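Let me begin by presenting the structure, written as structure tokens, before commenting on it.
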């Protein structure tokens, strides 16, 4: 009979600090490849048409796949992320146009500095309180120059709620991810039960993301002096439809 070392990691108020630093996080989401990111970025740049010397901030940049591609286009790009593991990976990409810093998005970072600020792949809404989420949005707004633009890419909550997959099992080599999803208290909750057969251990992580709607964002953006100029519903830049769109991609301008 196999005996496993039970490693039950309780992630509650600050679940994201441990989960995003875990090697299991990067393994589970390893399917997010650079080619897919490049297609999305190309479409985004065609829409935004930033000047050649534009400065850009990638908030919650992860391992830097979006930042790196933007910098390859000649823009000056800075990436920030709370996860030191992600930043250490991203730093391998650094060059004269690209730099990375470990930083908490709830805290200010370079005021009135950037032409564009990006927040990709539902990297918002992690926090327990409205104040923390407002602080994160304020960081993005304050980092922009007057007239600068924010692109915030979020899940479309009504669509996700209607199409929630309650249980899913994924295998990545020797690691089995048993994923349980539910909506509770205005949040999408995902419990990730991990069996690592190579290391003979188990781990449990959770993700909690606020089920913000377009109306919620309209109110939050208005409080921060951000004027929404466009709303897209997917990575192909189709118009947003609450019932059918998988994404909620907001483009806003700092007033």
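The values are calculated or read from the model by the stated rules, or taken from the named source; none is laboratory data. Quick caveat, the model's predicted, so the values are computed rather than measured. Backbone-built Cβ (ideal geometry, glycine too); neighbour counts: all protein chains shown.
Can you name the residue in the range 154-178 that is within 19 Å of the chain's Cα centre (by Cα) and in a strand (DSSP E or B) and is also surrounded by the most Cβ atoms within 10 Å (Cβ to Cβ) among such residues?
For the range 154-178, the residue satisfying everything is 154.
Quick check: anything in the range 173-185 in contact with a strand residue (DSSP E or B) (Cβ under 7 Å, 6 or more places away or on another chain) and either assigned by TED's automatic domain parsing to the domain that holds residue 125 or within 20 Å of residue 59 (Cβ to Cβ) (or both)?
no
What single numbered condition from (1) without any contact (Cβ under 8 Å) to a residue 40 or more places away in the chain; (2) part of a helix (DSSP H, G or I); (3) in contact with a helix residue (DSSP H, G or I) (Cβ under 9 Å, 6 or more places away or on another chain) fails to hold for residue 85?
Of everything listed in (1) without any contact (Cβ under 8 Å) to a residue 40 or more places away in the chain; (2) part of a helix (DSSP H, G or I); (3) in contact with a helix residue (DSSP H, G or I) (Cβ under 9 Å, 6 or more places away or on another chain), residue 85 misses just condition (1).
Give 28, 98, 57 a once-over and let me know the one that is closer than 20 Å to residue 204 by Cα, modelled with pLDDT of 75 or more and buried (at least 17 other Cβ atoms within 10 Å of the Cβ).
28
Search the range 124-136 for residues being part of a loop (DSSP other than H, G, I, E, B) and surrounded by fewer than 17 Cβ atoms within 10 Å (Cβ to Cβ), and hand back the single one that is farthest from the chain's Cα centre (by Cα).
Result: 129.
Can you name the residue in the range 71-95 that is surrounded by 22 or more Cβ atoms within 10 Å (Cβ to Cβ) and at pLDDT below 95 and, of all such residues, is farthest from residue 139 (Cα to Cα)?
It comes out as 86.
Considering (1) exposed (fewer than 14 other Cβ atoms within 10 Å of the Cβ); (2) part of a loop (DSSP other than H, G, I, E, B); (3) free of Cβ contacts under 8 Å to residues at least 40 places away in the same chain, say which one residue 35 fails and leave the rest.
The single condition residue 35 does not satisfy is (2).
Filter the range 137-151 down to the residues that are in contact (Cβ under 8 Å) with a residue 60 or more places away in the chain and part of a helix (DSSP H, G or I) and list them by number.
Result: 137, 138, 139, 140, 141, 143.
Of the residues that sit in the range 101-118 and are out of contact with any helix residue (DSSP H, G or I) (no Cβ under 6 Å at 6 or more places or on another chain) and buried (at least 23 other Cβ atoms within 10 Å of the Cβ), which one is farthest from residue 254 (Cα to Cα)?
Taking the candidates together, the pick is 118.
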